[in-house]
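Structure, as structure tokens:
The values are calculated or read from the model by the stated rules, or taken from the named source; none is laboratory data. All figures in this text were calculated on a predicted structure; none of them were measured in a lab. For neighbour counting, all protein chains shown are included, and Cβ atoms are generated from backbone atoms with ideal geometry for every residue, glycine included.
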Amino acid sequence: MKILKYTVLSLLILVAVFFFVGIFALQSNTLAPIVEEQINKNLNINSKVKRFVVTINSIDVDIDLTPHNNIKIAGIFSLGDWNFDINYYIKLLALNELESLTKTKLNGQFKTDGNVKGDFDLKQILIKGKSDVAKSATDYDVVLTDLNPTKIVASVKDLDIPTLLYMLNRPRYASAKLNIDANFKNITPHKLDGYLKLTTTNGVFNQTVLKKDFNVTIPYTTFNTNLKANLKGDDVVYTFLFDSNLARLSSNGKVTPDPLKLDVKYYAKIKNLSLLKPVTKADLQGSINANGIVKGTKESLNVTLKSDIAKSYTNIKINLKDFQPKNITASIKHLKLQKLLWMVKQPHYTDGDFNLKADIDIPEQNKFKGYVKTSVTDGDLDTVYLTKTYQFKHKMPSTTYTLNTYSKLQGTLIDTNIKLISSLADLNVKSAKFDIKDASLKSDYTASVKNLDRLYFVTDKHLRGGITANGEIKKDKNLLFTSKSDIAKGKLNLKLLNDDLKITLNGMQTKELLHILIYPEIFASSIDADINYNLKQQKGNAKAKLNNGHFVKNQAFDLLKQYNIIDMYKEEFNGDVDARIKQEKILASMLLTSKRSHIKTTNTYINTKTQKIDSTLNIKANEDDFDIRLKGDIAKPTVSVNIQKLIKTKTSREIQKKAKKEINKLFKKMF
């Protein structure tokens, strides 16, 4: 309507200019060039005025706007009665030549002609014409009052949608025939009177274009649409139907345009959600049924939605004021997570029954008040998929879980309580505070693993017992993660600040630690350690102190005692461990000393990626000593023993044989 309004206004102004120019230039033979120059200057086109004849009561103009686009105007006007009666003929055979005028690229052609009548005061203008736009047979009859349309009667028959899309320089998304029967006797606000009938028939979506432009693959899809609207007084009562073999959308109700008031119902049965990708931009699949009501005014509009998405019972109600959401209440019951993941084309991470309840007020933009409560029951992780995707060396065990969350919303702050119970681990968060204003997070947590051996798929090592850890997570400009736990009768403290990781061990007992690791419990001591590591640089160091250490009974040290070399069980060891870490490579040294002996290693090399070790242990007892070499796979290294210094008597061969055998056996058990 605005285009029509401004087109007619421009046409009348042009006529007026031509008229007055003609009055003052009746005796001039250069009138056409002057008008041509003004048109080209103001419209930024290269037009050609073929004929320009203005008399005291008539006008006859023939202008080639471009070589293939022509406008003809011919008619009469009366200065005495101050009115005009003008015929127009517009033949646009190359719309692409008008891009500088239309400011957008158009294609194709169309013709229109008709008559404009009215007074120069522009109080009322009558337009009547016909057109072949998009291969249609179009007739129109328009009345403008003060340049605003107050009456429109139009008939459009067999308008070709592909041709229209081509004209508008849009891809050929669909083909169909469009028919319009409009009779708006009065479209003045509060005095509406008329009807509109709109149908599309023989519609077919273009599978090739939808695939190319939106990556949407749909089957052969036909559609028809039907719209009927009756205008009376303040109200428009309508029914609408879009019907296809993939979706059926319908709506009916009453609309009051001014002031806006809606009371409408809608229904949607979508057999293939991928059809909506051009609108939603979301890559979806599957089917959905939905219905609801839109009722209210601009000041307070209520929108309801009921849906069976992912086999759920979903109810949502939104209250809008000035079209801005002010309150949202929602209830989702028994939504199937496996179905939802399939619908949004995500891998099958889990099965589960999802429920939600929410009541949120939005007093102002980006500020909220209310709550959101969610739960997942009968959760069951797809451990086969997770094992394959994350390339675990061992199969992830079957894992079931339940999850409950409760979020309180206040202003820009969302405070969430989380409780996760699973057969793998439990997680409890009393308060996770997220501020949407600056995306900052502050949260406590308590995590518990009842059976560490269930983590074998991650650790690649069988473990005993369980562990509970608690700490905090903070994220603002920096990331801070802390963890505290009691393990092996000692304490473990972990602190991660951005990329810097620091781990502290206090009073941890090696015997209990060896028990957890399922290693031979051959050494009992207290250990204190500090480990520093930079995640970004992938390097760091570790320092540990061993105190009050004692070896427990084993065959190797029994042999040393039997041949009066030394009673290692009576020795109390203290010592230090130093290690340098660079990516997967560890270079370590250790010295354990007692009053009469020591155990020493320098430059022990461990590669955590290849799981290789190369270490030489020197054991000195009184004045005697021997070396043990560990080399190869950490899990099963080659163990060699050098005890040549112990060979002092004829029986030394027997000692050597037994010692090598028992010490070799001992260290192989350890690994």
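Could you please let me know if residue 362 is crowded, with 18+ Cβ neighbours inside 10 Å and either modelled with pLDDT under 95 or more than 26 Å from residue 414 (Cα to Cα) (or both)? Taking the combined requirement at face value, the residue satisfies it.
When we screen 486, 500, 460 for residues that are more than 37 Å from the chain's Cα centre (by Cα), among the charged types (D, E, K, R) and under 30 Å from residue 575 (Cα atoms), the only hit is 486. Looking only at the range 519-539, count how many residues are surrounded by fewer than 17 Cβ atoms within 10 Å (Cβ to Cβ) and within 26 Å of residue 583 (Cα to Cα). Looking only at that region, the number is 10.
Only one of the numbered conditions (1) small (Gly, Ala, Ser); (2) under 30 Å from residue 438 (Cβ atoms); (3) part of a loop (DSSP other than H, G, I, E, B) is not met by residue 398, and that is (2). The lone criterion from (1) surrounded by fewer than 16 Cβ atoms within 10 Å (Cβ to Cβ); (2) of a type in the set (D, E, K, R); (3) under 18 Å from residue 134 (Cβ atoms) left unmet by residue 177 is number (1). Can you name the residue in the range 469-484 that is surrounded by 15 or more Cβ atoms within 10 Å (Cβ to Cβ) and of a type in the set (S, T, N, Q) and, of all such residues, is farthest from residue 525 (Cα to Cα)? Per the criteria, the residue is 482. Residue count for the range 575-604 satisfying the condition of being surrounded by fewer than 17 Cβ atoms within 10 Å (Cβ to Cβ), of a type in the set (Gly, Ala, Ser) and over 56 Å from the mean Cα position of the chain (by Cα): 0. Here 414, 436, 487 are screened, and the one residue that is at pLDDT 95 or above and either more than 20 Å from residue 518 (Cα to Cα) or surrounded by 15 or more Cβ atoms within 10 Å (Cβ to Cβ) (or both) is 414.
Answer yes or no: is there a residue in the range 207-222 that is under 24 Å from the mean Cα position of the chain (by Cα) and at positive phi.
First, the residues of the range 207-222 that are under 24 Å from the mean Cα position of the chain (by Cα): 210-218.
Within this subset, residues satisfying the condition of being at positive phi are 215.
Checking the range 207-222: at least one residue is under 24 Å from the mean Cα position of the chain (by Cα) and at positive phi.
Has the range 215-224 got at least one residue that is assigned to a strand (DSSP E or B) and not β-branched (Val, Ile, Thr)?
First pass over the range 215-224, keeping only residues assigned to a strand (DSSP E or B): 222-224.
Still in the list and also not β-branched (Val, Ile, Thr): 223-224.
For the range 215-224, residues assigned to a strand (DSSP E or B) and not β-branched (Val, Ile, Thr): present.
Tallying residues that are more than 30 Å from residue 458 (Cβ to Cβ) and at pLDDT 80 or above within the range 628-658 yields 1. Set side by side, the residues 518, 531, 527, 473 differ, and just one is closer than 30 Å to residue 430 by Cα and more than 35 Å from the chain's Cα centre (by Cα), which is 531.
Taking the range 62-122 as the region of interest, none of the strands (runs of 3 or more DSSP E) fully inside it holds 2 or more residues being without any contact (Cβ under 8 Å) to a residue 12 or more places away in the chain.
For residue 89, the conditions (1) more than 30 Å from residue 33 (Cβ to Cβ); (2) at pLDDT 95 or above all hold with the exception of (1). For residues that are among the β-branched types (Val, Ile, Thr) and assigned to a helix (DSSP H, G or I), scanning just the range 376-393, find the one that is nearest to the chain's Cα centre (by Cα). So the residue we want is 389. When the residues of the range 211-234 are filtered to those that are in contact with a Lys or Arg (Cβ under 9 Å, 6 or more places away or on another chain) and at pLDDT 95 or above, which remaining residue is farthest from residue 161 (Cα to Cα)? If we take residues in the range 211-234 being in contact with a Lys or Arg (Cβ under 9 Å, 6 or more places away or on another chain) and at pLDDT 95 or above, then 229 is farthest from residue 161 (Cα to Cα). In the range 136-161, of all residues being in contact with a helix residue (DSSP H, G or I) (Cβ under 9 Å, 6 or more places away or on another chain) and surrounded by fewer than 15 Cβ atoms within 10 Å (Cβ to Cβ), the one that is nearest to residue 88 (Cα to Cα) corresponds to 148. Within the range 30-50, is even one residue more than 24 Å from residue 85 (Cβ to Cβ) and at pLDDT below 75? Looking through the range 30-50, at least one residue is more than 24 Å from residue 85 (Cβ to Cβ) and at pLDDT below 75.
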